[in-house]
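The values are calculated or read from the model by the stated rules, or taken from the named source; none is laboratory data. These figures come from a predicted structure and were not determined experimentally. FYI the Cβ positions are ideal-geometry reconstructions off the backbone, even for glycines, and counts take in every protein chain you see. The accessibility values were calculated without ligands, DNA or RNA, using every heavy atom of the protein model including side chains. Shrake-Rupley method; radii C 1.70, N 1.55, O 1.52, S 1.80 Å.
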Amino acid sequence: MGLGERLAEVDARIADAAHAAGRDPRALTRIVVTKFHPASLVDELYRLGVRDVGENRQQELTEKQRELGGRDGLRWHFIGQAQTNKARAIRAAASVVHSVDRARLADALDAAGEGMPRLDVLLQVNLTDDPGRGGVAPEALEELAMHTAACPTLRVRGVMAVAPLGEPPAPAFERLAVCSARLQTIVSDATWISAGMTADFAEAIAAGATHLRIGSAITGPRPARG
Ligand SMILES: *Cc1c(COP(=O)(O)O)cnc(C)c1O
């Protein structure tokens with residue numbers, strides 16, 4: 001199966017999952033995660049109509065964005081753990097940052113954005129019991145939301161999470177939906193929910209996800225990182 005066929009197949013599965021959940025598939029944003037793949041793959045996706053792509057490493061994001069920056073309407077989503085000293089580079093390349101999980105990172109992204117249009121950000125929530133995983137603890141979400149909402153060059157759009165390993169994804173995504181509702185008591189239009197990967201996007205759609213981050217089901221297996 002070629003790239004175009006895999007893309008079409010995943011989109012059909014997204015539409016099926018949306019209909020099964022009584023949702024309109026047009027309200028979902030499908031982000032193709034292109035990490036480890038060359039810029040040429042992003043270009044191929046672009047020519048197939050893809051406009052939202054995801055990267056999880058700043059350097060790779062910067063290089064690919066530089067190479068393909070002229071593509072009209074192409075949006076780069078940064079979905080990886082971010083170091084504060086990379087905030088400027090991330091901000092320069094990304095349209096959306098999904099992984100704001102601490103006040104210091106919000107501050108660094110904000111400081112890097114003077115004179116720029118507001119940056120869309122999502123607050124990443126840790127759905128596991130392991131504090132070493134990315135994301136703010138659910139009980140600290142409100143505090144981070146208030147802090148980030150006060151950053152003048154950032155716009156808080158919603159929450160993001162990765163389903164924990166070794167646990168069914170559906171209840172974890174239900175917890176994320178609760179986090180989303182709590183966030184909206186602070187930022188009322190922060191309605192985005194970034195959740196769902198190759199293995200669990202149907203469950204994420206059932207739980208209200210608005211932004212899906214799908215890699216290998218579309219791109220095929222990732223090449224080894226060289
Ligand atoms: C790699 C990655 C994805 C996509 O994973 P697949 O299983 O290939 O769909 C989604 N979200 C994040 C944060 C990732 O790092």
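Filter segment 140-191 down to residues that are within 16 Å of the ligand (Cβ to nearest atom), farther than 14 Å from HIS98 by Cβ and part of a helix (DSSP H, G or I) and give me whichever is most open to solvent (accessible area, probe 1.4 Å).
Filtering segment 140-191 for residues that are within 16 Å of the ligand (Cβ to nearest atom), farther than 14 Å from HIS98 by Cβ and part of a helix (DSSP H, G or I), the one most open to solvent (accessible area, probe 1.4 Å) comes out as PRO169.
Which condition breaks for PHE201 when tested against (1) open to solvent by less than 60 Å² (accessible area, probe 1.4 Å); (2) more than 16 Å from the ligand (Cβ to nearest atom); (3) over 16 Å from PHE78 (Cβ atoms); (4) of a type outside the set (A, V, I, L, M)?
Going through the list (1) open to solvent by less than 60 Å² (accessible area, probe 1.4 Å); (2) more than 16 Å from the ligand (Cβ to nearest atom); (3) over 16 Å from PHE78 (Cβ atoms); (4) of a type outside the set (A, V, I, L, M), PHE201 breaks only (2).
Which one is nearest to ILE193 (Cα to Cα) among residues in segment 83-109 that are in contact (Cβ under 8 Å) with a residue 40 or more places away in the chain and open to solvent by less than 30 Å² (accessible area, probe 1.4 Å)?
This residue is HIS98.
Filter segment 153-184 down to residues that are within 17 Å of ASP130 (Cα to Cα) and of a type in the set (S, T, N, Q), then give me how many there are.
So the count comes out to 0.
For ARG13, are the conditions met, namely being in a helix (DSSP H, G or I) and within 13 Å of the ligand (Cβ to nearest atom)?
yes
Does ALA82 count as small (Gly, Ala, Ser), closer than 20 Å to LEU144 by Cβ, part of a loop (DSSP other than H, G, I, E, B) and in contact with a helix residue (DSSP H, G or I) (Cβ under 7 Å, 6 or more places away or on another chain)?
Yes.
Which one of GLU55, GLU60, GLU44 is modelled with pLDDT of 95 or more and open to solvent by 40 Å² or more (accessible area, probe 1.4 Å)?
It is GLU44.
How do the pairs read when you match residues in segment 35-56 that are farther than 18 Å from LEU212 by Cβ with residues anywhere that are modelled with pLDDT under 95 and within 16 Å of the ligand (Cβ to nearest atom), using Cβ under 8 Å and keeping only pairs 6 or more apart or on different chains?
Correct list of pairs: PHE36/ARG222; PHE36/PRO223; PHE36/ALA224; PHE36/ARG225.
Would you be able to say whether some residue in segment 21-39 is within 30 Å of ASN85 (Cβ to Cβ) and more than 14 Å from the ligand (Cβ to nearest atom)?
yes
Where the second residue is more than 12 Å from the ligand (Cβ to nearest atom) and of a type in the set (S, T, N, Q) and the first is outside any helix (DSSP H, G or I) and lies in segment 198-226, which pairs have Cβ atoms under 8 Å and are six or more apart or on separate chains?
Taking only residues 6 or more apart or on different chains, the pairs are GLY208/SER180; THR210/THR29; THR210/THR191; HIS211/THR29; LEU212/THR29.
Consider SER194 carefully, then state whether it is without any contact (Cβ under 8 Å) to a residue 40 or more places away in the chain, in contact with a strand residue (DSSP E or B) (Cβ under 7 Å, 6 or more places away or on another chain) and under 14 Å from GLN124 (Cα atoms).
no
If you go through segment 110-127, how many residues are out of contact with any Ser or Thr (no Cβ under 6 Å at 6 or more places or on another chain), assigned to a loop (DSSP other than H, G, I, E, B) and at pLDDT 95 or above?
Qualifying residue count, segment 110-127: 3.
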